[in-house]
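Take a look at the structure below.
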Amino acid sequence: QLLFVESGGGLVQPGGSLRLSCIASESFLSYYGLAWFRQAPGKEREEISCISSSDSSTYYVESVKGRFIISRDNAKNTVYLEMNSLKPEDTAVYYCGAQPADYCSHYVPEEGSWGQGTQVTVSS
């Protein structure tokens with residue numbers, strides 16, 4: 001079974017907003033940091049945000065700072081990514097993944113551990 005299930009993607013115009021959700025099959029939110037990644041066509045997968053489980057401290061890659069907000073709901077085993085002021089450059093498949101500790105170490109999950117991801121397309 002999939003460790004994570006991402007949803008909430010879709011087609012949106014530039015400047016629009018989307019809210020992505022990622023549900024974990026286990027209660028990882030109680031123990032581990034959780035991160036969002038994205039992969040655009042022809043480009044490498046990159047980490048864009050992370051939230052710790054210990055103190056909920058957050059990390060954002062420079063390109064999304066001020067536009068995206070990561071949050072978590074441990075009771076629902078869910079991590080969210082609120083995306084605002086979307087740009088065409090944000091077009092990608094978005095994935096979530098767990099960190100190996102309660103803090104964000106920028107660990108990239110191994111191949112085979114990824115979920116299906118959710119497609120975000122920002123276009124006029």
Inset, instruction - Look through the range 9-39, keep the residues that are hydroxyl-bearing (Ser, Thr, Tyr) and at pLDDT 95 or above, and return whichever of them is nearest to Glu89 (Cα to Cα). - result: Ser17
Legend entry - Hits in the range 88-112 (condition: loosely packed, with under 14 Cβ neighbours inside 10 Å and either closer than 18 Å to Leu20 by Cβ or touching a His at 6+ places or on another chain (Cβ under 9 Å) (or both)): Pro88, Glu89
Inset, instruction - Determine if the range 56-66 includes at least one residue that is surrounded by 13 or more Cβ atoms within 10 Å (Cβ to Cβ), under 14 Å from Ser21 (Cβ atoms), in contact (Cβ under 8 Å) with a residue 12 or more places away in the chain and of a type in the set (S, T, N, Q). - result: no
Inset, instruction - Give Ile48, Ile69 a once-over and let me know the one that is open to solvent by less than 10 Å² (accessible area, probe 1.4 Å) and not in a helix (DSSP H, G or I). - result: Ile48
Inset, instruction - Kindly provide the set of residues from the range 4-37 that are surrounded by fewer than 17 Cβ atoms within 10 Å (Cβ to Cβ) and in a loop (DSSP other than H, G, I, E, B), ordered by number. - result: Gly8, Gln13, Pro14, Gly15, Gly16, Ser17, Ser25, Glu26, Ser27, Tyr31
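The values are calculated or read from the model by the stated rules, or taken from the named source; none is laboratory data. Source: prediction; values computed, not measured. Neighbour counts run over all protein chains shown; Cβ positions are idealised from the backbone, glycine included. Surface accessibility is based on the protein's heavy atoms, side chains included, excluding ligands, DNA and RNA. Shrake-Rupley method; radii C 1.70, N 1.55, O 1.52, S 1.80 Å.
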